[in-house]
Amino acid sequence: MNTAPDNNPFAAPTAHVADIPHAGEQQLGGRGARLGSVIIDGMLQGAVYYAVAFTMFSTLLPSNSPDSFGGMAGVFVLQIVISVGLFIALHGYLLATQGQTIGKKLLGLRILRSNGERASLGRLLGLRYFLGWVLLVIPFAGAIYGLADCLMIFRDSRKCLHDNIADTIVVKA
């Protein structure tokens with residue numbers, strides 16, 4: 001009887017078996033596609049924001065002075081309100097019906113709960129987006145949150161910090 005390690009009848013199989021997704025399992029969205037969708041969404045949001053803000057601020061601030069709208073704090077609050085309103089106007093319908101922003105739709109991605117179910121609009125807007133935006137505004141801590149959020153995508157699960165907070169995943173649509 002040959003007792004060499006490669007002829008051991010009791011050894012575990014050595015063949016490589018690739019993980020094959022089961023029926024109903026979603027394939028995770030790629031890092032590049034996720035980055036591309038964020039860039040598309042940001043450019044679209046920025047273009048619309050500046051068009052609206054330019055028109056709105058020239059009307060609200062005829063003297064081109066922030067003092068006419070309650071100082072810099074008033075302008076800051078107005079900018080946030082405009083940004084949030086535009087985000088909901090641009091992406092709200094797609095997020096509510098398909099779990100996608102415009103960029104994710106263009107690149108074939110979708111946001112789901114970690115268990116594969118559809119994510120509610122409240123979860124997407126409240127936990128995935130707005131909570132992160134609030135954290136980003138905090139001096140110093142916001143920078144740390146932003147860096148940690150971005151770097152966590154390099155894990156095997158491809159979940160960013162905002163995905164962990166909202167219990168979501170991004171999959172191919």
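For region 32-57: of the residues being of a type outside the set (A, V, I, L, M, F, W, C), farther than 22 Å from LYS172 by Cα and free of Cβ contacts under 8 Å to residues at least 12 places away in the same chain, which is least open to solvent (accessible area, probe 1.4 Å)? Per the criteria, the residue is GLY46. The single residue among ASP167, ASP149 that is acidic (Asp, Glu) and in contact (Cβ under 8 Å) with a residue 24 or more places away in the chain turns out to be ASP167. Looking at GLY122 and the list (1) assigned to a loop (DSSP other than H, G, I, E, B); (2) more than 30 Å from PHE54 (Cβ to Cβ), which single condition is not satisfied? Every listed condition holds for GLY122 apart from (1). Give the residue that is farthest from GLY30 (Cα to Cα), with candidates limited to residues of region 117-173 that are open to solvent by less than 80 Å² (accessible area, probe 1.4 Å) and of a type in the set (Lys, Arg). The qualifying residue farthest from GLY30 (Cα to Cα) is ARG123. When the criteria are applied in full, TYR129 meets the requirement of being closer than 17 Å to LEU35 by Cα, hydroxyl-bearing (Ser, Thr, Tyr) and in contact (Cβ under 8 Å) with a residue 12 or more places away in the chain. Restricting attention to region 96-110, the residues being surrounded by 15 or more Cβ atoms within 10 Å (Cβ to Cβ) and β-branched (Val, Ile, Thr) number 2.
In region 21-31, the condition of being in a helix (DSSP H, G or I), open to solvent by less than 60 Å² (accessible area, probe 1.4 Å), modelled with pLDDT of 85 or more and basic (Lys, Arg) is met by no residue. How many residues, within region 115-136, are farther than 20 Å from LEU147 by Cβ and out of contact with any Phe, Trp or Tyr (no Cβ under 9 Å at 6 or more places or on another chain)? Final tally of qualifying residues: 11. For region 146-168, residues that are within 18 Å of LEU125 (Cα to Cα), out of contact with any Leu (no Cβ under 6 Å at 6 or more places or on another chain) and not basic (Lys, Arg) total 7.
The values are calculated or read from the model by the stated rules, or taken from the named source; none is laboratory data. What you are looking at is a predicted structure, and each value in this text was computed from that prediction instead of being measured. We place every Cβ from the backbone using ideal geometry, glycine too, and count neighbours over all the protein chains shown. Side chains included, ligands, DNA and RNA excluded: accessible areas come from the protein's heavy atoms. Shrake-Rupley method; radii C 1.70, N 1.55, O 1.52, S 1.80 Å.
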